[in-house]
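The values are calculated or read from the model by the stated rules, or taken from the named source; none is laboratory data. No experiment lies behind these values; they were computed from the predicted model shown. No Cβ is skipped: glycine too gets one built from the backbone with ideal geometry, and neighbour counts run over all protein chains shown. Ligands, DNA and RNA are stripped out before the accessible areas are found, and what is left, the full protein with its side chains, is counted by its heavy atoms. Shrake-Rupley method; radii C 1.70, N 1.55, O 1.52, S 1.80 Å.
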Amino acid sequence: MAAFHHSNPTDRDIRRVLQKLLIMLSLGIICVSLFYFLAGCCESDIRENSISQRPASEFLLSGWYHDRNGTLYKDVVMVQNEDGYPVAGERSTITPVLETNNSVKDLMATRRLPQALIIGVKKGGTRALLEFLRLHPDIRALGSEPHFFDRHYARGLDWYRSMMPRALDGQVVMEKTPRYFVTVETPGRVHSMSHDVKLIVVVRDPVTRAISDYTQIISKTPHIPTFETLAFKNRTNGEIDSLWSPLWIGLYAQHLERWLAWFPRAQIHLVSGEGLISDPAGELGKVQDFLGLQRIVTDKHFYFNKTKGFPCLKKPEGSSKPHCLGKTKGRTHASIDPEVIRRLREFYRPHNQRFYQMTGQNFGWQ
């Protein structure tokens, strides 16, 4: 008769109890994990909604943390940039605030490709426009000129994005590089990045602009030929050298035509360089409208500096004196033969008229 081995009933009961405990423990861990996951999502949604519904100005004026080169700083106020000009949204202390919890990470803004570009023109007033716009709490603008679409395009969009300042949802990211307007390849490259990007061009009387351009050139290379010599192919018969860069840049209609081949007129906003001097608040108001922003930068921010000959910002809170653009702005122009100026005005007249017709705006240049 075969013998059968029977396990101890007590051992069998113990195993069953242990299996049940293991199952209950596993279910408990799963339930707790699920609870924390759902609670975290809800908390994140509440926090993100509360952030997105608050104007960016609150973050700048109420002591929220601000990121600069990957380090968090607190107490954001106006400070000066390298030109001695006030810049909104920069750190006010040199003491970093250490990141202590995940809620601080949620406040961190992200780097995005720009939604607006100041594409020109050189010596038209682009630096002044950029610095005035940077007063707006919903604008995050790169201070330097990245020259991505004209010089560094081969580096790719990831590199370009890494150059941008961090921004919160609802803030407009922008940069300015005046050379974009006159570079042949740039319109198509910008269009490849974004079909909806908003483009801003500051234009100025092309004769005055050319003299200002030449004044800047001789400040760096004082031994070049005179303006009168460079402006003509043949001084005797008065033939203008339209390919000389200071004069070529002023052929606005020719350059704008390339942009209109890629972008509708409604996506291009023209700023009067003269208006930026005589009525900065008016020009800034139209730019803010174009960008879809509230008119926060107004006439209360400006005063006219008679010495420099252009508007400066009234002293910001916490500062004892007003702020103007740096020494390189507002230079006394080189003295040019009046007859040369007359010939240049004749040369530009048909080009200006064509530009007025293309844009639907008459800038009143002589």
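Set the bar at 28 Å for Cα to Cα. Now go through 122/198; 176/233; 176/300 and name every pair that lies beyond it.
Violating the 28 Å limit, Cα to Cα: 176/233.
May I ask you to list the trypsin sites (Lys or Arg not before Pro) in the stretch 124-217 that are in a DSSP loop and have at most 13 other Cβ atoms within 10 Å of their Cβ?
Counting only loop positions with at most 13 other Cβ atoms within 10 Å, the trypsin sites (Lys or Arg not before Pro) in the stretch 124-217 are 151.
Rank these residues by their accessible area, most exposed first, probe 1.4 Å: 220, 314.
My answer, sorted largest first, is 220, 314.
Principal axis lengths of the stretch 172-284 from Cα atoms, whole Å, largest first?
Largest to smallest, the principal-axis extents are 47, 32, 25 Å.
What is the Cα centroid distance between the stretch 191-256 and the stretch 109-127, reported in whole angstrom?
Taking the Cα centre of each part, the stretch 191-256 and the stretch 109-127 sit 20 Å apart.
Compute, for residue 11, the solvent-accessible surface of its heavy atoms (probe 1.4 Å) with the complete set of protein chains present, and express it in square angstrom to the nearest 10.
We get 70 Å² for residue 11.
To the nearest 10 square angstrom, how much accessible area does residue 175 have with a 1.4 angstrom probe?
Roll a 1.4 Å probe over it and residue 175 shows about 0 Å².
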